[in-house]
1. Could you grab the pairs with beta carbons closer than 7 Å, sequence gap of 6+ or different chains, first residue in region 3-31 and touching a residue at least 40 places away in the same chain (Cβ under 8 Å), second one of a type in the set (Ser, Thr, Tyr) and within 13 Å of the ligand (Cβ to nearest atom)?
2. Take the residues in region 59-92 that are open to solvent by less than 50 Å² (accessible area, probe 1.4 Å) and β-branched (Val, Ile, Thr); name whichever of them is farthest from residue 155 (Cα to Cα).
3. For region 129-158, how many residues are among the aliphatic types (A, V, I, L, M) and outside any helix (DSSP H, G or I)?
4. Take the conditions at positive phi and within 14 Å of the ligand (Cβ to nearest atom) and apply them to residue 68. Does it pass?
5. Anything in region 9-34 that is outside any loop (DSSP other than H, G, I, E, B), of a type outside the set (Lys, Arg) and open to solvent by 20 Å² or more (accessible area, probe 1.4 Å)? List them, or say none.
6. Considering (1) open to solvent by 80 Å² or more (accessible area, probe 1.4 Å); (2) within 28 Å of residue 128 (Cβ to Cβ), say which one residue 44 fails and leave the rest.
7. If you scan region 31-59, which residues turn out to be of a type in the set (Phe, Trp, Tyr) and over 18 Å from residue 10 (Cβ atoms)?
Amino acid sequence: MQSNGIVFILSAPSGAGKTTICKLLKQKLPDLKFSISHTTRKPRDGEVEATDYYFISQKEFENKIQKGDFLEWAKVFDSFYGTGLETIEHHRNKGQNVLVELDVQGAKSLRMINYKAVFIFIMPPSLKELKSRLNKRATESVNSIQNRLEESKKEIQQSTQYDYILTNFDAEKTTNNLYSIITAEQFREKRYQPSSPDIRDLIDKKESN
Ligand code: 5GP
């Protein structure tokens, strides 16, 4: 019997390096599925429709909420973001692991419904470093950078709710650590599937003792 795939929830304050880490992880784990969220935010330079996000209007977003298309949704920095339910469950049912990028509100709402997932938080080394990364990225206005920094502080305070915290000193090393977590989670006792009938029999017998 094939076991269900695992859903990995990844959150990080804006500028902590999550996008770079996800790009590196895609190369290391080509079989891992990445959930593509819907957002009402405008695409940034270089962002591609249906690769980075599904960029939709406010009206389309509201329709999707009405239809119950989202596993969760949240308003982050004046835009709406939502995770499509169907694709994740489709992958999970096929035994494929899925990585979902969410802000802390989204992760919190999943924990509240007791959604089965592994929650991972990417932490910046310091607030000073986070600020400098946001300034270097220069995709946002000064105002927006300040907003993101203030939001980051609140997000960092929620990090203790996660199963794993990875401090991102170096994207390559953090990706390796993330890779280790994803690999290790697959070998948890609860996910063990006996590879032969004799081993299954032995385990079943012990459980009925
Ligand atoms: P950005 O605008 O920088 O791409 O993303 C802003 C924030 O929205 C990030 O923290 C990102 O993880 C979060 N985000 C992206 N997709 C979703 C989603 O589907 N749901 C929620 N709750 N947050 C999301």
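1. 13/152; 14/152
2. Per the criteria, the residue is 88.
3. Quick first cut of region 129-158, residues among the aliphatic types (A, V, I, L, M) only: 130, 134, 138, 142, 145, 149, 156.
So of that shortlist, the ones also outside any helix (DSSP H, G or I) come out as 138.
Number satisfying all stated conditions: 1.
4. On the way: at positive phi: yes; within 14 Å of the ligand (Cβ to nearest atom): no.
Spelling it out, it is not the case that residue 68 is at positive phi and within 14 Å of the ligand (Cβ to nearest atom).
5. So the first thing to find is which residues in region 9-34 are outside any loop (DSSP other than H, G, I, E, B), and the list is 9-11, 18-28, 33-34.
Applying the additional criterion that residues be of a type outside the set (Lys, Arg) yields 9-11, 19-22, 24-25, 27, 34.
Those that are outside any loop (DSSP other than H, G, I, E, B), of a type outside the set (Lys, Arg) and open to solvent by 20 Å² or more (accessible area, probe 1.4 Å): 19, 20, 24, 27, 34.
6. Only one criterion is unmet by residue 44, namely (1).
7. Going through region 31-59, the residues of a type in the set (Phe, Trp, Tyr) turn out to be 34, 53-55.
If the condition is that a residue be of a type in the set (Phe, Trp, Tyr) and over 18 Å from residue 10 (Cβ atoms), then 54, 55 are the ones that fit.
Results for (1) under 27 Å from residue 53 (Cβ atoms); (2) in contact (Cβ under 8 Å) with a residue 12 or more places away in the chain; (3) within 16 Å of the ligand (Cβ to nearest atom), shown as yes or no for each residue.
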residue: 96; (1), (2), (3): yes, yes, no
residue: 109; (1), (2), (3): yes, yes, yes
residue: 115; (1), (2), (3): yes, yes, yes
residue: 122; (1), (2), (3): yes, yes, yes
residue: 177; (1), (2), (3): yes, no, no
residue: 201; (1), (2), (3): no, no, no
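The values are calculated or read from the model by the stated rules, or taken from the named source; none is laboratory data. Here the structure is a predicted model, which is why all the values come from computation and not from measurement. Counting neighbours? That spans all protein chains shown, and the Cβs are built from the backbone with ideal geometry, glycine included. All accessible areas refer to the heavy atoms of the entire protein, side chains included, with ligands and DNA or RNA removed. Shrake-Rupley method; radii C 1.70, N 1.55, O 1.52, S 1.80 Å.
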